[in-house]
Amino acid sequence: MRTITVELGEYSYPIHIGDGLLGRRDLLEPHIGGRDLLVVTNATVGPLYLDRVLGRLAGGGQRVESVVLPDGEAYKTMASVTTILDALVAGRFARDCVVLALGGGVVGDITGFAAAIYQRGVDFIQLPTTLLAQVDSSVGGKTGINHPGGKNLVGAFHQPVCVVTDPGTLRTLPDRELSAGLAEVLKAALIADGGFFSWIEAQAGALLAREAEALGHAIRRSCEIKAAVVAADEREHGQRALLNLGHTFGHAIELRMGYGQWLHGEAVGAGIGMAARFSQRLGWLSAADAGRVATVLARLGLPVKPPALDPESFLAAMAMDKKVKAGQLRLVLLPGIGEGRVTADFNLRELRDFVRGELGS
């Protein structure tokens, strides 16, 4: 087992990473005590792991209940949050309860948001079961839901009290979901660690083959990078926006395609490709390095380019990005591999021309 600490003063918390850790009570005990527990999962993950987690939580003297949500990005809505809140209210869960999110990024975001707003905030624990959640969304305290006008527009910062990551759950993960998670691994390397990027280039096959050592290293290093960024900028006033490499383009893809048509990681992968090519267009990134990014995306089974979409509606979606300040769109671009930068230093006309070219218009 490897433990990484997200250093946030009194809100610091551990990320435990290791095969077979799912629901291990000794890791959870310091954070749950004898308090009532509600485990939230979805209809896909529940049949695989819910009984195991409930069994390991039983016997502590507290009440343990569960909620099973529908699966998919299309259900990342206030209605799902309300389902969790209704269970908490109907069960008379007090403010000292703990809510556990068992599943991927959607379950984690929804559950964390419900925990953030129930009785003005209760503790929650992340038990991520997808690669994307294990390397990214379970860490950092961003919670929330989608809105018809944009991705993740409604939410709150609410840090978990503990994250328990069991790479063993990846054995049941569909290939498409595995590739989607690797987009966030690639993102972490591109913004902060050129050596890690080179490692991904060399280990792409091992990662797709689910070799335990390769996946373990990818999860650990990605969490180390994100933990460091979050510790420096918890509420995204500056440096933390680097974690959105590929996301401004990617969120526009998700919105315009319809939530769930492309997986989040697939949209981020295409967005990373777009960010690399726009960085090249601005003279920041060499053609050779932009080519390396495209090659790795393809090796990982991710889209290299966006789907054909209407450029004007795509640009309108980008304008709703959370990195917009004073009406000015900012992007995360690449001066080099392993070096991300948040910038508004580009001509909007050039961005519009670039988007039109990328979308086939």
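See the values below:
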{"item": "Test: residue in region 145-162 that is among the β-branched types (Val, Ile, Thr), over 16 Å from the mean Cα position of the chain (by Cα) and assigned by TED's automatic domain parsing to the domain that holds residue 77", "result": "yes"}
{"item": "Subset of region 299-343 [among the small types (Gly, Ala, Ser) and closer than 30 Å to residue 202 by Cβ]", "result": "301, 336, 338, 340"}
{"item": "Only one of 60, 112, 105 that is of a type in the set (Gly, Ala, Ser), buried (at least 20 other Cβ atoms within 10 Å of the Cβ), in contact with a strand residue (DSSP E or B) (Cβ under 9 Å, 6 or more places away or on another chain) and over 30 Å from residue 206 (Cα atoms)", "result": "112"}
{"item": "Some residue of region 338-353 being within 30 Å of residue 209 (Cβ to Cβ), outside any helix (DSSP H, G or I) and acidic (Asp, Glu)", "result": "yes"}
{"item": "Residue in region 231-242 that is buried (at least 18 other Cβ atoms within 10 Å of the Cβ) and either of a type in the set (Lys, Arg) or touching a Ser or Thr at 6+ places or on another chain (Cβ under 9 Å) (or both) present", "result": "yes"}
{"item": "Test for residue 296: is it within 25 Å of residue 155 (Cβ to Cβ) and β-branched (Val, Ile, Thr)", "result": "no"}
{"item": "So residue 190, is it in contact with a strand residue (DSSP E or B) (Cβ under 7 Å, 6 or more places away or on another chain), in contact (Cβ under 8 Å) with a residue 40 or more places away in the chain and either not small (Gly, Ala, Ser) or not in a helix (DSSP H, G or I) (or both)", "result": "yes"}
{"item": "Any hit, region 206-226, residues being under 15 Å from the mean Cα position of the chain (by Cα), buried (at least 21 other Cβ atoms within 10 Å of the Cβ) and closer than 26 Å to residue 308 by Cα", "result": "no"}
{"item": "Of the criteria (1) of a type in the set (A, V, I, L, M, F, W, C); (2) buried (at least 22 other Cβ atoms within 10 Å of the Cβ); (3) free of Cβ contacts under 8 Å to residues at least 60 places away in the same chain, which one residue 326 fails", "result": "(2)"}
{"item": "Qualifying positions in region 143-159 - crowded, with 24+ Cβ neighbours inside 10 Å and farther than 22 Å from residue 86 by Cβ", "result": "151"}
{"item": "Residue 222, sole failed condition from (1) under 26 Å from residue 162 (Cα atoms); (2) among the hydroxyl-bearing types (Ser, Thr, Tyr); (3) in contact with a strand residue (DSSP E or B) (Cβ under 8 Å, 6 or more places away or on another chain)", "result": "(3)"}
{"item": "Total residues in region 30-40, condition surrounded by fewer than 13 Cβ atoms within 10 Å (Cβ to Cβ) and either part of a helix (DSSP H, G or I) or β-branched (Val, Ile, Thr) (or both)", "result": "1"}
{"item": "Failed criterion for residue 345 (all others in (1) among the charged types (D, E, K, R); (2) surrounded by 15 or more Cβ atoms within 10 Å (Cβ to Cβ); (3) within 27 Å of residue 236 (Cβ to Cβ) hold)", "result": "(2)"}
{"item": "Condition met for residue 211 (without any contact (Cβ under 8 Å) to a residue 60 or more places away in the chain and among the charged types (D, E, K, R))", "result": "yes"}
{"item": "Counted residues, region 304-329 - those being charged (D, E, K, R) and more than 20 Å from the chain's Cα centre (by Cα)", "result": "4"}
{"item": "Any pair with Cβ under 7 angstrom, 6 or more apart, that starts in region 73-96 at a residue that is within 27 Å of residue 256 (Cα to Cα) and assigned by TED's automatic domain parsing to the domain that holds residue 110 and ends at one that is surrounded by 12 or more Cβ atoms within 10 Å (Cβ to Cβ) and among the acidic types (Asp, Glu)", "result": "76/109"}
{"item": "Any hit, region 248-261, residues being farther than 23 Å from residue 150 by Cβ, in contact with a helix residue (DSSP H, G or I) (Cβ under 7 Å, 6 or more places away or on another chain) and either surrounded by fewer than 20 Cβ atoms within 10 Å (Cβ to Cβ) or of a type in the set (S, T, N, Q) (or both)", "result": "no"}
{"item": "Flag if residue 298 is farther than 17 Å from residue 180 by Cβ, out of contact with any helix residue (DSSP H, G or I) (no Cβ under 8 Å at 6 or more places or on another chain), among the hydrophobic types (A, V, I, L, M, F, W, C) and outside any loop (DSSP other than H, G, I, E, B)", "result": "no"}
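The values are calculated or read from the model by the stated rules, or taken from the named source; none is laboratory data. Everything numeric in this text was worked out from a predicted model, so none of it was measured. Because the Cβ atoms are built from the backbone with ideal geometry, glycine has one as well, and the counts that use them run over all protein chains shown.
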